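The structure appears below as structure tokens.
The values are calculated or read from the model by the stated rules, or taken from the named source; none is laboratory data. Computed from a predicted structure; not experimentally measured. Glycine also receives a Cβ, built like all others from the backbone with ideal geometry; neighbour counts cover every protein chain displayed.
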Amino acid sequence: MSDELKKGLEGVLAAESRLSNIDGDAGRLIYQGYDIETLAREASYEEVLSLLWNGELPTREELDAFADAMASERAVDDRVLEMLEDLAVADEHPMAALRSGVSMLSAGEPERGSDPDDLDAVRRMGRRVVAKVPTILAAYDRLRRGEQPLEPREDLSHAGNFLYMLTGEEPSETAEETFDMALILHTDHGLNASTFTSLVIASTKADVYSALTGGVGALSGSLHGGANQDVMNTLLEIEESDKEALQWAKDTVEAGGRIPGWGHRVYNVTDPRAKILRAKLEDLAADTGEARWLEHTTTIETYLTEEIGLPEKGIAPNVDYYSGAVYYTLDIPVDMYTGIFAMARAGGWLAHILEYRADNRLIRPRGRYIGPDDREFVPLDER
């Protein structure tokens, strides 16, 4: 057994998976062998979930049944809404509300206490959570604004229903398509911190609610799920300042500052998801007439690429660079962005749980002791 320390477990192989693969040098991401660009352009979020949970793309009949089952399980009971109302009064962060909401869902679970090795039951319970996450987030945002939550609609897609529950209006075709695409892009991304957290919990044979709640908790950290919020806050600061975006970028670089949304732990080139969202931001700008965020992000990217040459140094735009502006244009509050990430990634967490549980082994790494040895104990009265 190697004693080499890998702080943060960087580069350590802990599991095998057929779910997603990242080529950081080529800037490529695949789900179950399908290129992310193709899935984002041609598939729906429900279709991608079916692929990840079941291993194959569904037929039309299978997809209809899958989507109908998801849609029928979107509603949450009054106890969850009452708890969310209390958290809204306390001005909790949306991720804290989501964490509490997902945990509380288990109280109404009809298959609670089922055999942890019954993967069909795990899949059904996980599906209920994934279906209800948008309802929790939208209800919490409306409650904290002094508005009543809206009942979910079964006739809308997963993406379209969330936008409706959040705003009270049916989204435009461009808005629904863009948000659906954003969910697909965030569904899975290898053994990241939140996915690994979910797997560690699931490997103990804890229930799926515990595992998914743990994933929400891990994603809430600023080093994992909050970068798109940082990007949007930066764009808003630029808008409120007396500087043009180009001048702001120049001043930031000259001062040794960091540009949020640039650089990635895995990608050495532009994140393929960033390219897709950039194109959708262009569509949204044309659809809504709001082009400021597209202009700012494009100006900064052009400067950092052509004048500073950051991509040549392995620092390029990641998915967060454009997702924040996309969400803002869709009228999603900035502090909800990490919750949106969780909404998408919950389906990926469940896929990994199902895959790992099929050949489960308790995850138990070692830690190297570096403390003192052979210390003499001194009785309490003599210290």
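Among (1) small (Gly, Ala, Ser); (2) under 17 Å from TYR337 (Cβ atoms); (3) over 17 Å from the mean Cα position of the chain (by Cα), which single condition is ALA206 missing?
Exception for ALA206: condition (2).
Of the conditions (1) over 15 Å from the mean Cα position of the chain (by Cα); (2) within 19 Å of ALA175 (Cβ to Cβ), ILE340 fails just one. Which one is it?
Here ILE340 clears every test but (1).
Report whether or not LEU105 is in contact (Cβ under 8 Å) with a residue 24 or more places away in the chain and either closer than 19 Å to GLU46 by Cα or not in a helix (DSSP H, G or I) (or both). Walk me through it before giving the result.
Values: in contact (Cβ under 8 Å) with a residue 24 or more places away in the chain: yes; either closer than 19 Å to GLU46 by Cα or not in a helix (DSSP H, G or I) (or both): no.
Taking the combined requirement at face value, the residue does not satisfy it.
How many of the residues in region 57-71 are without any contact (Cβ under 8 Å) to a residue 12 or more places away in the chain and out of contact with any helix residue (DSSP H, G or I) (no Cβ under 7 Å at 6 or more places or on another chain)?
5
Which helices (runs of 4 or more DSSP H) does region 119-207 wholly contain that include 2 or more residues that are closer than 26 Å to SER100 by Cβ, among the aliphatic types (A, V, I, L, M) and in contact with a His (Cβ under 8 Å, 6 or more places away or on another chain)?
Details: elements: 119-144, 158-167, 173-186, 193-203.
Correct list: 193-203.
For PRO58, which of the numbered conditions (1) buried (at least 17 other Cβ atoms within 10 Å of the Cβ); (2) under 23 Å from the mean Cα position of the chain (by Cα) fails to hold?
Failing condition for PRO58: (2).
Given the conditions (1) over 41 Å from the mean Cα position of the chain (by Cα); (2) modelled with pLDDT of 95 or more; (3) part of a loop (DSSP other than H, G, I, E, B), and given that ASP374 satisfies all but one, which numbered condition is not satisfied?
Unmet condition: (2).
State which residue is surrounded by the fewest Cβ atoms within 10 Å (Cβ to Cβ) when the search covers only region 100-125 and only residues that are closer than 20 Å to ASP78 by Cα and small (Gly, Ala, Ser).
Filtering region 100-125 for residues closer than 20 Å to ASP78 by Cα gives 100-112, 125.
With small (Gly, Ala, Ser) added as a condition, the list becomes 100-101, 103, 106-108.
Values: SER100: 20, GLY101: 26, SER103: 17, SER106: 18, ALA107: 11, GLY108: 13.
Looking at the filtered set, the residue picked out is ALA107.
Is it true that some residue in region 334-356 is at pLDDT 95 or above, surrounded by 19 or more Cβ atoms within 10 Å (Cβ to Cβ) and farther than 20 Å from TYR45 by Cα?
yes
Test of understanding: among ASP115, ASP120, which residue is modelled with pLDDT of 95 or more, under 19 Å from GLU355 (Cβ atoms) and not assigned by TED's automatic domain parsing to the domain that holds ASN268?
Working: ASP115 fails: modelled with pLDDT of 95 or more.
Residue meeting the stated conditions: ASP120.
Which condition does TYR369 not pass, out of (1) part of a loop (DSSP other than H, G, I, E, B); (2) of a type in the set (Ser, Thr, Tyr); (3) touching a Phe, Trp or Tyr at 6+ places or on another chain (Cβ under 6 Å), if it passes all the others?
Single failed check for TYR369: (3).
Going by what's in this entry, would ILE259 be described as outside any loop (DSSP other than H, G, I, E, B), aliphatic (A, V, I, L, M) and either in contact (Cβ under 8 Å) with a residue 60 or more places away in the chain or assigned by TED's automatic domain parsing to the domain that holds TRP293 (or both)?
On the way: outside any loop (DSSP other than H, G, I, E, B): no; aliphatic (A, V, I, L, M): yes; either in contact (Cβ under 8 Å) with a residue 60 or more places away in the chain or assigned by TED's automatic domain parsing to the domain that holds TRP293 (or both): yes.
No, not satisfied.
Give ASP283, ASP331, ASP320 a once-over and let me know the one that is out of contact with any Leu (no Cβ under 8 Å at 6 or more places or on another chain), in contact (Cβ under 8 Å) with a residue 40 or more places away in the chain, over 21 Å from GLY24 (Cα atoms) and not aliphatic (A, V, I, L, M).
On the way: ASP331 fails: out of contact with any Leu (no Cβ under 8 Å at 6 or more places or on another chain); ASP320 fails: over 21 Å from GLY24 (Cα atoms).
Matching residue, one of ASP283, ASP331, ASP320: ASP283.
Those residues that are under 29 Å from ALA351 (Cα atoms) and of a type outside the set (Gly, Ala, Ser), I need them from region 128-149; list them, please.
Those that are under 29 Å from ALA351 (Cα atoms) and of a type outside the set (Gly, Ala, Ser): ARG128, VAL129, VAL130, LYS132, VAL133, PRO134, THR135, ILE136, LEU137, TYR140, ASP141.
Tell me, which residue of region 177-203 that is among the β-branched types (Val, Ile, Thr) and farther than 26 Å from PRO116 by Cβ is nearest to the chain's Cα centre (by Cα)? Working first, answer last.
The first filter runs over region 177-203 and keeps only residues among the β-branched types (Val, Ile, Thr), leaving 178, 184, 187, 195, 197, 200-201.
Within this subset, residues satisfying the condition of being farther than 26 Å from PRO116 by Cβ are 178, 184.
Details: THR178: 16, ILE184: 10 Å.
Going through the qualifying residues, I end up with ILE184.
Taking the condition part of a helix (DSSP H, G or I), at pLDDT 95 or above, within 20 Å of PHE179 (Cβ to Cβ) and of a type in the set (A, V, I, L, M, F, W, C), does ALA274 pass? Walk me through it before giving the result.
Details: part of a helix (DSSP H, G or I): yes; at pLDDT 95 or above: no; within 20 Å of PHE179 (Cβ to Cβ): yes; of a type in the set (A, V, I, L, M, F, W, C): yes.
No, not satisfied.
Any chance you could count how many residues in region 18-40 are touching a residue at least 12 places away in the same chain (Cβ under 8 Å) and surrounded by 12 or more Cβ atoms within 10 Å (Cβ to Cβ)?
Residues that pass the stated criteria total 16.
May I ask you to say which residue of ALA97, ALA15 is surrounded by fewer than 18 Cβ atoms within 10 Å (Cβ to Cβ), in contact with a Phe, Trp or Tyr (Cβ under 9 Å, 6 or more places away or on another chain) and either at positive phi or not charged (D, E, K, R) (or both)?
Values: ALA97 fails: surrounded by fewer than 18 Cβ atoms within 10 Å (Cβ to Cβ).
Only one candidate passes the filter, namely ALA15.
For region 176-192, which residues satisfy the criterion of being at pLDDT 95 or above and small (Gly, Ala, Ser)?
ALA182
Limited to region 13-51, what total is found for residues that are among the hydroxyl-bearing types (Ser, Thr, Tyr) and not in a helix (DSSP H, G or I)?
Count: 5.
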